[in-house]
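This report concerns only the one structure given below.
Quick note: the coordinates plus some simple rules give every number you see, no bench work behind them. No experiment lies behind these values; they were computed from the predicted model shown. Glycine also receives a Cβ, built like all others from the backbone with ideal geometry; neighbour counts cover every protein chain displayed.
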Amino acid sequence: MDSDLKPMDAEQLREYGHQMVDFIADYYNNIESFPVLSQVKPGYLRELLPDSAPTSPEKFEDVLNDIREKIIPGLAHWQSPGFFAYYPSNSSTAGFLGEMVMSGFNVVGFSWIASPAATELEVIVLDWLAKILKLPTQFLSSGQGGGVIQGTSSEAVLVVLLAARDKALRNIGRNSVSKLVVYASDQTHSSLQKACQIAGIYTENVRVIKTSSSSNYSFDPDLLREKILEDVSFGLHPFFLCSTFGTTSSAAVDPFDALGKICREHRMWFHIDAAYAGNACICPEYRHYLEGVEEADSFGMNAHKWLLTTFDCSLLWVKHGSDLIKSLSTNPEYLKNKASQAGQVVDFKDWQIPLGRRFRSLKLWMVLRLYGVETLQNHIRNHVGLAHRFLQHVNSDPRFEVVARQMFSLVCFRLRPPPLSQDNGDKLNSDLLHAVNGTGKAFVSHTVLSGRFVLRLAIGATLTEDRHVDNTWRLIRDQAGLLLGTQLA
């Protein structure tokens, strides 16, 4: 590379861009040859890279070779067809192309005037998705609400918690933070706990309502009502409930209608975290799970989980955008402009934590246009079908048990301990998890439900097919046989 080369050279971009697209295409063609879960040891990369940055430019080919030889071995290949851990983080051709255009423009659309198309496309695309999901009209930009793209659901939860906190304090007094109470179930994502810490909500004022297997680990409205009434009797102020559509552990769905009515009675902010499973509601057959969504003040869903849109792209809808603005708006002199001052536009800097923001609506727009709703629906239905295929495998082997009802594309299961074993199954299943992941052929994760160690197989990679599900089951079955043989020996 020439030492006097300009940082932005269109012809260099053309040349290297072609090589990079070929590199990534080859990566996907060969992705099954890599261990799904990285097999490196902590600190491996420090031994392979120099202590300091190069003084002079290096060759592009050398950089690509280092990615192949030093970076790829340290990756967990989230797009591998053998990736079944956590929840999906879909990639797609359309999402990748959208990311390229977005990076090429590299606009920072914190306000309308900073790039009008970035703001207006986001408003339009979020309305499109709200209509596809059949969300209440109050969540559309045509009213007092609307949608905004956050980085993650963790950010979305923090944003609405701050808005709810400030709204409550305007009613009961700014010095009454110690009276504010937050409610969630024991299946609610840990991001709520972090949001409460940031928002200054007292740890002892965060109520975690226990769930049980009898309700498939969904929120119990009766327990919630009981706890709220108890808190009110002590002079506390219930103000926020976070419910979940597709919990992290078991993909459980909370009863939104009942929970929403309780929130309305006590003038609490009602948020639905639908990070994973909300995507399924683009399919009409799953929309009934959202009964009661009209009671919610906010609704969040990650398009980067199951909607073929590259990370990050978390969608948040609120009924009243003014609640976010009152809590998060700043208006320094250097950002003032006629359109904003006249109230003619929305400035999304006032709907999020940071000032800067990427043009993420562009890739979501491209995904919707290049695939269309029907293709996205079939994508989700295919994954649900693959999960059912795996469930049938589990049910066919009496050594295993299903721990929670299959919801969407997640199966929670465990290996039964041998009769008379001193192990309740936790160590056995932990050993099974590590044995499977240690082969590099698949990556599954775990959780704890009803005090028991449980394996989770979440189907969601774009490239996963029947054969990958069948091969993974055989791998799990064979590793289980080895472990049980050792225990019985």
Positive minus negative residues near G278 (Lys, Arg vs Asp, Glu; Cβ under 12 Å): +2
Centroid-to-centroid separation of the range 363-438 and the range 116-143 [C-alpha atoms, Å]: 33 Å
Part-to-part distance (alpha-carbon centres) for the range 319-338 and the range 241-286, which is given in Å: 28 Å
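Could you order the peptides 225-233, 403-411 from most to least packed, using the average number of other C-beta atoms within 10 Å per residue? All intermediate terms of the calculation are to be shown ahead of the outcome.
Values: 225-233: 14.0, 403-411: 23.9.
Going by the mean number of other Cβ atoms within 10 Å, highest first, we get 403-411, 225-233.
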Straight-distance crosslink candidates among aspartates and glutamates, where the alpha carbon sits under 20 Å from K441 and sequence neighbours closer than 8 are dropped: D26, E32, E69, D431, E465, D466, D470, D478
Packing rank of 252-264, 125-137, where each peptide gets the mean count of other beta carbons within 10 Å, highest leading: 252-264, 125-137
Stokes-Einstein D (µm²/s) once Rh is taken as the Kirkwood radius of the range 108-358 over alpha-carbon pairs, at 20 °C in 1.002 mPa s: 116 µm²/s
Size of the chain as Cα extents on the principal axes (Å, biggest first): 71, 69, 46
Distance between modelled label sites at H434 and D9, nm, 7 Å Cα→Cβ extension: 5.1 nm
Virtual spin-label span in nm between S115 and M20, 7 Å along Cα→Cβ: 1.5 nm
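What pairs in K134/K319; K227/K326; K167/K326; K167/K210 have C-alpha atoms more than 19 Å from each other?
Correct reply: K227/K326; K167/K210.
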The chain, relative contact order [Cα under 8 Å, separation at least 6], %: 22 percent
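Between beta-carbons, use under 12 Å as the cut-off and find the net charge around Q406, counting Lys and Arg +1, Asp and Glu -1. Could the numbers behind the result be given before it?
Details: positive: R389, R405, R456; negative: none.
Counting the neighbours of Q406, the net charge comes to +3.
Report, in deg cm²/dmol and to the nearest 500, the calculated mean residue ellipticity at 222 nm for the chain, where each DSSP H run with n ≥ 4 adds -39500 (n - 2.57) and the sum is divided by the residue count. Don't jump to the answer; show the numbers that get you there.
Values: 14 runs with 196 residues, N = 489.
The helix contribution divided over the chain gives -13000 deg cm²/dmol.
Net charge near N395, counting Lys/Arg +1 and Asp/Glu -1 over other residues with Cβ under 14 Å of its Cβ? Before the final figure, lay out each step's value.
Details: positive: R389, R399, R405, R414, R416, R477; negative: D397, E401.
Net local charge, N395 excluded: +4.
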